[in-house]
Amino acid sequence: MSVERPKTIFEKIWDKHVVKRSEGYPDAVFIDRHFIHEVTSPQAFDGLRKRGIGVFNVNRTSATADHNVPTKDQHLPIKEALSRHQVETLRKNCAEFGVELYDLGHPFQGIVHIIGPELGLTLPGMTIVCGDSHTSTHGAFGNIAFGIGTSEVEQVLATQCILQYKPKTMRIEVNGTLGKGVVSKDIILYIISKISASGATGYFVEYAGDAITRLSMEARMTICNMSIEMGARGGLIAPDETTFNYIKGRKFAPQGRAFDSAVEEWKKLKTDDDAVYDVVLKFDAADIGPMITYGTNPGMGMKVTDRIPTVEELKEINEQVSFKKSLDYMGLEPGSAILGKPVDYVFIGSCTNARIEDLRTVASMVKGKKKAAGVEVWVVPGSKQVQEQAKKEGLDKIFEEAGFELREPGCSACLGMNEDKIPAGKYCISTSNRNFEGRQGPKSRTFLASPLSAAAAAITGKVTDVRDLSY
Amino acid sequence: MSKEKFIKLVSQAVPLPIENIDTDQIIPARFLKATTREGFGDNLFRDWRYDSDNQPIAGFALNDSRYSGKILVAGKNFGCGSSREHAAWAIHDYGFKVVVSSFFADIFKNNALNNAVLPLVVSDAFLKELLDTLQANPSTEVIVDLENQTISFNNKKESFDINAYKKTCLINGYDDIDYLLSLNKEIKEYDLAHS
Ligand code: SF4
């Protein structure tokens with residue numbers, strides 16, 4: 001009798017979803033849940049129309065409008081013509097093909113990676129795709145979730161499958177106790193700074209270790225969210241009691257008996273003891289401090305108390321040109337410190353850090369304080385539900401008193417597709433996930449940091465070590 | 001939909017010796033509002049190509065009349081960041097058929113292949129030599145032979161990998177979706193058994 005080879009959780013989920021494996025072809029992988037939004041879907045629906053086919057299974061597809069929507073006066077028609085057209089096209093497509101849409105004004109509307117988990121659409125053991133690279137967020141629930149391009153969106157709409165080669169596997173373990181002022185965003189910024197913006201390309205990552213399993217679901221999502229920023233196809237965390245408790249009672253999650261039997265299945269989603277990963281990396285939680293990025297990719301990060309490397313300190317000579325270009329863009333000097341550097345804008349939002357816990361963290365830091373003069377602070381909740389919850393808890397009052405602006409849900413200044421843009425040359429400390437040139441608006445300059453660090457900077461008006469403030 | 005066939009290409013090439021070029025640089029987000037696939041080439045590398053008054057920025061390779069051709073040669077980790085396929089559309093629409101680098105981000109690689117653009121991986125050493133040669137001598141011809149999986153210029157030659165399935169798709173102008181549609185019955189059965 002042949003004994004089955006030990007498998008990682010990733011392999012278990014993948015293998016279970018392979019509909020067809022043929023010699024010379026990539027695997028045809030079944031997709032349990034497909035999220036779509038206004039920016040990467042119109043051309044895919046056009047493709048279906050051209051072929052004269054419908055959506056394979058509308059029950060497995062959910063849509064929302066998030067990337068391109070205003071974060072003020074959402075009840076009014078969108079002012080900008082192209083944005084309006086794109087959202088209207090989504091509306092039209094969803095109506096024509098019978099896809100459920102959480103449109104502007106709907107109580108479930110929000111950033112696609114925030115609403116999936118919040119609604120219980122995201123569950124352990126699933127395969128999940130979306131035409132957005134931060135689909136990796138959903139992996140926090142112990143599933144295979146990854147971003148795809150529009151041609152692939154079309155494939156999934158048409159066939160509920162995607163053609164993919166199985167990626168390699170990487171295990172990243174973080175053990176030990178986190179220091180004061182260090183939160184999950186710091187863990188992931190730290191890991192990326194160590195392995196670079198391309199260090200996990202070609203891999204699917206599993207995060208493990210006691211520093212990870214002690215985190216809440218929302219904090220785990222922040223980690224998985226940024227897997228793509230080190231090039232990984234996705235990142236996941238094995239489901240446990242924390243996961244099951246989060247899911248219980250969510251709108252579209254299995255209920256009652258069905259929930260209990262689902263939990264029994266989900267408990268099997270664990271990497272076998274002797275399973276082999278292609279790469280294993282280990283980090284000590286005690287080495288991590290509050291982090292900040294100084295360059296124009298998320299790998300260019302450091303502890304807020306460190307100084308930027310000098311050109312000579314770079315490991316690879318090849319990188320010198322890009323490094324200098326990046327620092328020129330940021331208006332920063334090699335070898336200098338960032339601590340104390342004035343900021344013009346603070347953006348608290350995005351699928352990385354706009355969940356209710358993030359808003360609570362910010363509120364705990366700013367309660368009874370005021371923002372520094374001259375700093376503009378935008379708090380953009382990740383979803384309508386987060387916005388409502390914040391109001392229920394009175395966080396909106398705390399923000400108002402501090403001089404922060406609480407807006408309506410959307411991607412906002414994370415990618416600057418709507419009018420929420422950081423002006424040229426200005427510095428923004430941001431809880432989002434990308435510090436690319438122009439990401440937050442043409443010539444804008446981004447420091448990526450945790451919600452705690454962003455809130456601290458809002459109060460002091462400069463890059464601050466959160467450990468120096470009382471909160 | 002990749003309907004153009006690709007076998008061999010002889011062309012000049014445009015050097016872009018920058019690493020970690022992310023898709024936000026290839027096509028900034030504010031140009032993603034279109035609902036069709038056409039016309040993105042005009043905004044390829046928009047913020048490196050034009051200043052805030054829409055004037056071409058001298059010195060950027062795409063504005064440099066010495067450079068032309070259907071091959072783009074770029075530093076390592078090309079196409080990282082956002083999954084936007086608009087990046088591949090912009091490159092294709094501008095007229096590039098091959099991007100050469102020593103390393104590509106995963107999603108970009110798939111998106112390129114789905115749009116008849118070949119992401120061609122070469123060694124770091126070959127890349128450096130090719131970039132240096134192009135900068136010293138912009139009219140250098142580069143030959144990409146997909147059939148035999150080689151890239152060459154002057155008397156330098158290197159083989160490259162491409163998986164057999166994707167190669168067949170490129171050569172014949174096939175789409176993944178055609179293959180997936182042929183599995184309809186199996187997929188339906190799977191869906192029923194797992195709902
Ligand atoms: S918040 Fe930013 S990263 Fe997240 S889905 Fe929106 S644009 Fe993408």
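The values are calculated or read from the model by the stated rules, or taken from the named source; none is laboratory data. Predicted, not measured: the structure shown is a model, and the values here were computed from it. Here the Cβ positions follow ideal geometry from the backbone for every residue, glycine too, while neighbour counts run over all protein chains shown. The protein model used for the area step is the full one, side chains on, heavy atoms only, and it has no ligands, DNA or RNA in it. Shrake-Rupley method; radii C 1.70, N 1.55, O 1.52, S 1.80 Å.
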Here the whole-number average of other chain Cβ atoms within 10 Å per Cβ of A:429-437 is 3
Here the whole-number average of other chain Cβ atoms within 10 Å per Cβ of B:18-28 is 6
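From the P(r) of segment A:308-466, could you give the percentage of C-alpha pairs in the tail past 23 Å?
Details: 4636 of 12561 pairs.
Summing the P(r) of segment A:308-466 above 23 Å gives 37 percent of all pairs.
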Among chymotrypsin sites (Phe, Trp or Tyr not before Pro) in segment B:131-195, those in a DSSP loop whose Cβ has at most 16 other Cβ atoms within 10 Å are none
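Suppose every K and R has +1 on its Cβ and every D and E has -1 on its Cβ; what is the size of the dipole of the protein assembly as shown about the Cα centre, in Debye to the nearest 20? Please list the in-between numbers first.
Values: 79 positive and 86 negative charges, 128 e Å.
So the dipole magnitude of the protein assembly as shown works out to roughly 620 debye.
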With +1 at each Lys and Arg Cβ and -1 at each Asp and Glu Cβ, the charge dipole magnitude of segment A:224-344 around its Cα centre, to the nearest 20 debye, comes out at 560 debye
antiparallel share of DSSP beta bridges within segment A:308-466, to nearest 5, in %, is 5 percent
Expressed in angstrom and ordered largest first, the alpha-carbon extents of segment A:9-164 along the principal axes are 52, 36, 22
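What order do you get for B:101-108, A:300-307 when each peptide is scored by the mean count of other beta carbon atoms within 10 Å, highest first?
Values: B:101-108: 25.4, A:300-307: 19.8.
Output ranking for B:101-108, A:300-307: B:101-108, A:300-307.
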From highest to lowest solvent-accessible area (probe 1.4 Å; ligands, DNA and RNA excluded), A:ARG171, B:ARG66 read B:ARG66, A:ARG171
Per-residue average of other protein chain Cβ atoms inside 10 Å, peptide A:353-362 -> 0
In this structure, the FRET efficiency calculated for A:SER22 and B:VAL10 from their beta-carbon separation, with R0 = 35 Å, to the nearest 0.05, is 0.50
Label model pair A:ARG51, A:ASP210: point-to-point distance (7 angstrom along the Cα→beta-carbon line) in nm is 5.1 nm
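If packing is taken as the average number of other Cβ atoms within 10 Å across a peptide's residues, how do A:440-448, A:146-154 rank, most packed first?
Working: A:440-448: 24.1, A:146-154: 27.1.
Descending mean neighbour count gives A:146-154, A:440-448.
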Per the charge dipole of segment A:308-466 (beta-carbon charges, Lys/Arg positive, Asp/Glu negative, Cα centre), the residue among A:MET330, A:GLY438, A:GLY461 reaching farthest to the positive end is A:GLY461
Counting only DSSP loop positions in segment A:231-279, the chymotrypsin sites (Phe, Trp or Tyr not before Pro) whose Cβ has at most 16 other Cβ atoms within 10 Å are A:PHE252
Rounded to a whole number, the Stokes-Einstein D of segment A:74-225 in µm²/s (Kirkwood radius over Cα pairs; 4 °C; 1.567 mPa s) is 73 µm²/s
Restricting to Cα pairs under 8 Å and 6 or more apart, the percent relative contact order of segment A:308-466 works out to 28 percent
The protein assembly as shown, Kirkwood Rh and Cα Rg, ratio Rg/Rh at 0.95
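Out of all DSSP beta bridges in chain A, what portion is antiparallel? Express it as a percent rounded to 5.
20 percent
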